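These notes are about the structure you will find just below.
The values are calculated or read from the model by the stated rules, or taken from the named source; none is laboratory data. Here the structure is a predicted model, which means the values were calculated and not measured. Cβ placement follows ideal geometry from the backbone for every residue including glycine, while neighbour counts extend to all protein chains displayed. Remember, those area values only see protein heavy atoms, side chains included, never the ligands or the DNA or RNA. Shrake-Rupley method; radii C 1.70, N 1.55, O 1.52, S 1.80 Å.
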Amino acid sequence: MTATPSPPPPGSDRASVSVVIPVKDDALHLRRCLRALALQTEPPDEIVVVDNGSRDDSAAVARAAGARVVVCTEPGIPAAAAAGYDSAAGDVILRLDADCVPGAAWVADLRDAFEERPHVDVLTGGARFIDGPRMLRRPLAAVYLGCYAMFGVLALGHLPLFGSNLAFRRSAWRDVSRRVHRRDPDLHDDFDLAFHVGERHVIRRAARAPMGISMRPFAEPRSFVLRITRGFRTVTTHWPFDLPPTRLVRRWLRRARARIGDRRTGGTA
């Protein structure tokens with residue numbers, strides 16, 4: 001792993017990749033996550049760990065692993081994630097959480113997916129539980145992610161984003177970075193990001209890119225309730241301006257204006 005991004009080999013068209021990990025007081029899981037990133041078949045060009053006011057040695061663990069540490073004093077995951085995206089230098093930004101364990105081909109799979117689909121700006125992947133009762137891991141993951149996807153599609157009118165396994169082009173982030181609600185710690189940061197990028201950019205599911213996640217949301221009822229509360233708060237923050245039919249109309253109008261502009265440009269060339 002390198003502390004700063006390195007350019008692709010001469011003559012290579014491969015996109016550079018930054019991995020962003022927001023963290024607060026989660027040094028033990030972060031160490032495991034960084035170890036998995038060190039074992040990638042295609043290592044990222046940089047790893048950015050955003051320290052959001054940790055009182056443990058999370059920042060020291062990140063530096064020891066070769067990651068670049070960004071300090072975010074604004075409380076909350078939305079601020080921390082946005083600070084990491086702002087700081088990332090790669091053409092493609094990959095996001096996961098400190099308690100995630102990516103598969104060995106995670107970086108390579110996502111980079112390949114963007115190369116195979118140049119019209120896609122955002123990729124959101126799935127996950128599997130890697131702890132908790134073994135018999136419950138698969139069904140609980142299916143219920144958890146299935147309900148999130150169903151709720152997200154109803155609220156957004158398109159795929160939601162899953163912050164534990166997320167990738168997007170840096171150009172897409174720059175397009176919406178001033179619109180995201182980064183100063184509200186009670187919002188679901190990836191759900192908020194979905195509202196902003198979904199209207200202007202193409203989101204698709206990443207078929208590959210395996211990710212292991214912790215079952216902590218089920219082990220801690222208070223944490224699970226907090227996630228649901230933040231999800232509803234994120235929706236009510238955007239509605240009624242961002243009701244799905246309204247968003248679809250705005251997107252259609254934007255595309256229509258772009259087509260008209262292309263025709264005029266073509267006609268005067």
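At a glance:
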quantity: Any chance ARG174 is over 30 Å from GLU220 (Cα atoms) and free of Cβ contacts under 8 Å to residues at least 24 places away in the same chain; calculated: yes
quantity: Per-region count, segment 103-138, residues touching a Phe, Trp or Tyr at 6+ places or on another chain (Cβ under 6 Å) and at pLDDT below 95; calculated: 1
quantity: Total residues in segment 162-183, condition open to solvent by less than 30 Å² (accessible area, probe 1.4 Å) and either aromatic (Phe, Trp, Tyr) or in contact with a Lys or Arg (Cβ under 9 Å, 6 or more places away or on another chain) (or both); calculated: 10
quantity: Which numbered condition CYS147 fails, given (1) part of a loop (DSSP other than H, G, I, E, B); (2) under 22 Å from ALA207 (Cα atoms); (3) open to solvent by 20 Å² or more (accessible area, probe 1.4 Å); calculated: (1)
quantity: Test result for ASP109, crowded, with 17+ Cβ neighbours inside 10 Å and either of a type in the set (Val, Ile, Thr) or not in a helix (DSSP H, G or I) (or both); calculated: no
quantity: Residues within segment 197-233 that are in contact with a Ser or Thr (Cβ under 9 Å, 6 or more places away or on another chain), outside any loop (DSSP other than H, G, I, E, B) and open to solvent by less than 80 Å² (accessible area, probe 1.4 Å), tallied; calculated: 5
quantity: Boolean, ALA141 is of a type in the set (Gly, Ala, Ser), out of contact with any Gly (no Cβ under 7 Å at 6 or more places or on another chain), modelled with pLDDT under 95 and not in a loop (DSSP other than H, G, I, E, B); calculated: yes
quantity: Inter-residue pairs, beta-carbon under 7 Å, first more than 25 Å from VAL197 (Cα to Cα) and in segment 119-138, second open to solvent by 40 Å² or more (accessible area, probe 1.4 Å) and not in a strand (DSSP E or B), 6+ apart; calculated: ARG128/ARG137; PHE129/ARG137; PHE129/LEU140; GLY132/PHE218; GLY132/ALA219
quantity: First in segment 227-253 and farther than 23 Å from PRO217 by Cα, second anywhere and part of a helix (DSSP H, G or I) and of a type in the set (Ser, Thr, Tyr), Cβ under 8 Å, 6 or more apart; calculated: PRO240/THR246
